[in-house]
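A short worksheet on the structure shown next.
The values are calculated or read from the model by the stated rules, or taken from the named source; none is laboratory data. Predicted model only: the values in this text are computed from it and were never measured. With ideal geometry, Cβ positions are generated from the backbone for all residues, glycine too; neighbour counts draw on all protein chains shown. In case anyone asks, the SASA skips ligands and DNA or RNA and just uses the protein heavy atoms, side chains included. Shrake-Rupley method; radii C 1.70, N 1.55, O 1.52, S 1.80 Å.
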Amino acid sequence: MGWLWAIIVGFVLGLLAKAIIPGKQHSPLWLTTIFGIIGAIIGNAVARGFGIAETSGIDWGRHALQLAAAIVIVFLGDMAYTAARGKKQHRA
């Protein structure tokens, strides 16, 4: 069940990050989901570092850090994907 939740959370975070980043992103949906999963993992680690990983009630701080990390990862990952894809098309 943990992997299913990771995929769902990664999917949602990736889509939210894509919606927040201005302009068009070119990475496919499966890659955006992976970026979202990575963002969730990094956000959880940062929240643990700040001591806000688990609180009573809704963990707004942890969720905000997950989203912030997902935005950065989606942005950088999309840039890398676009650059790598551009090099492939240039060779053909």
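Summary of values
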read-out: Options 85, 91: the member that is surrounded by 11 or more Cβ atoms within 10 Å (Cβ to Cβ) and modelled with pLDDT under 90; value: 85
read-out: In region 17-27, the residues that are open to solvent by 80 Å² or more (accessible area, probe 1.4 Å), touching a residue at least 24 places away in the same chain (Cβ under 8 Å) and closer than 21 Å to residue 65 by Cβ; value: 20
read-out: Of residues in region 45-72 being within 25 Å of residue 19 (Cα to Cα) and open to solvent by less than 40 Å² (accessible area, probe 1.4 Å), the one modelled with the lowest pLDDT; value: 59
read-out: Candidate set from region 28-44 (those that are under 18 Å from residue 60 (Cβ atoms) and of a type in the set (A, V, I, L, M)); member that is least open to solvent (accessible area, probe 1.4 Å); value: 40
read-out: Test: residue in region 38-57 that is hydrophobic (A, V, I, L, M, F, W, C) and closer than 20 Å to residue 82 by Cβ; value: yes
